[in-house]
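The values are calculated or read from the model by the stated rules, or taken from the named source; none is laboratory data. Here the structure is a predicted model, which means the values were calculated and not measured. Ideal geometry is used to build each Cβ from the backbone, glycine not excepted, and the neighbour counts take in all protein chains shown. Note: accessible area is taken over every heavy atom of the protein model, side chains too, but ligands, DNA and RNA are not part of it. Shrake-Rupley method; radii C 1.70, N 1.55, O 1.52, S 1.80 Å.
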Amino acid sequence: MDPADRTGAEVPARTAIAPDGPSGPATRQARTQWAFAAFSVLNAVVIFPGENAILPLIQTLGFAGYLLAAAISVYCALRWGISRARRTAIVFHLLFIPVQFLFSFPGPLPLAGMAVSAVILGLLRPTFPRLSPGKRKLWVMLHVGLSVSWLGIAVAMVVLSTVGYTTESAGLRHASYELMHVFDLFIVIPTMMLSILTGLVVSLGSKWGLVKHWWVLLKLLIALAIPAVAIVESQWVQELAERTTDPAAEPGGTGLTLMICMIAFSAALWTATYLSVFKPGGKTRWGARNTERERAARAGKTRRAAGERGVPGQRVGGQEHAAAEHSQGGKN
């Protein structure tokens, strides 16, 4: 049988990626995984909690997390010829980007890891299947609940920062900043990470995408900007919590800056809520190009289908043409 005549059912499924030369795409991707494994080991050494650890719990989690990242990257590099390795790398880096934000509180090096993971993810060119209606509703429910929780926490942080800056009571001032510090570590960070992660799943698993519509793109920028600023904000909270152990200490300019920052966070999250409800802005340039490609693809399919229906030996023209043929046959 001619290979060109074989149907899709007769062609065996491919489970491995074809090998290429030393400078081919698969080899470059394997080298990228090796590089990230080395970067992860470096991060694990730097973040290791020593005697003078700033945040021992987060540094311990970061140390274990980067060792796990190194192991996964080595596995993907060694087995890059197998398609499963590519899928593993895509899922890993997609999940590891927000996790590295948590690791960045003791030091800024994990922020570079977030950027590297994003670049690797872009080079892998992942495609995501559409979520079924039931799964999409579940993910939307999780995303809405976490986003509302994030907004509520931001409003609570505005209240605490305002009380800490304006109160005359030294005990209440210190308690406000201590509560903000606890919120930062154990409530704000997990809620923020899970909200961003569920938002990515909903966007990538639906027609909206990440960069096709302005309202989604703006929400993404807000969601990424807040964690970037929050790294500095958390240091202000910790400084004020330590400083106000002295009843005579005043919040000063740091306390005012923190209060303004909390108000800005709350306003940004309210803006994201507005974008989710009203969806302004229409499609971006990338979304418009994607729509044009989809229309061209549909038009091509329509033309091919019309050509197949109009091949010689088939009747075309509908009922009138069929009636004419019947009439001519009766005369003959």
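Some values worked out for this structure:
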item	result
Cα lying deepest toward the dipole's positive end in region 183-298, options LEU256, THR284, SER203, charges on Cβ	THR284
Dipole in debye (nearest 20) - region 219-301, about Cα centre, beta carbon charges: Lys, Arg +1; Asp, Glu -1	1280
Table column - 3J(HN,Hα) (Hz), region 56-73, Karplus curve with 6.51, -1.76, 1.60, x for Gly and Pro	x, 5, 5, 5, 5, 4, x, 4, 5, x, 6, 5, 5, 4, 5, 5, 5, 5
Dipole of region 20-145 [Lys/Arg +1, Asp/Glu -1 at C-beta], most positive-end residue of LEU57, SER132, CYS76	SER132
Base-10 log of normalised Debye intensity for region 84-161 (one unit scatterer per alpha-carbon) at q = 0.23 Å⁻¹	-1.06
Computed FRET value (nearest 0.05) for VAL211 with VAL232, which takes r as the C-beta separation and R₀ as 35 Å	0.80
Rounded Å value of the spacing that divides the Cα centres of region 109-166 and region 192-217	9
Phi to ³J(HN,Hα) by Karplus 6.51 cos²θ - 1.76 cosθ + 1.60 over region 34-42, Hz, x for Gly, Pro	4, 5, 5, 4, 5, 4, 5, 4, 4
Amide hydrogen neighbours beyond the local backbone of ILE82, cut-off 5 Å, H modeled	ILE17
Computed E for ASN52/LEU123 - FRET, C-beta separation, R0 35 angstrom, nearest 0.05	0.40
Computed accessible area, THR302, all protein chains, 1.4 angstrom probe, square angstrom	90
Extension gain (nm, one decimal) between LYS135 and ILE187, 0.36 nm per residue minus Cα-Cα	16.1 nm
Accessible area (Å², 1.4 Å probe, nearest 10) - ILE54	90
At R0 = 25 Å, FRET efficiency that the Cβ-Cβ distance of ALA112 and THR271 yields, to 0.05	0.30
Principal axis box of region 43-177, alpha-carbon based, largest edge first, Å	66, 47, 20
From phi via Karplus (6.51, -1.76, 1.60), per-residue ³J(HN,Hα) for region 92-104 in Hz, x at Gly/Pro	4, 5, 4, 7, 7, 4, x, 5, 5, 4, 4, 5, 7
Kirkwood Rh, angstrom, region 97-211 [1 / mean 1/r, Cα pairs]	16.5
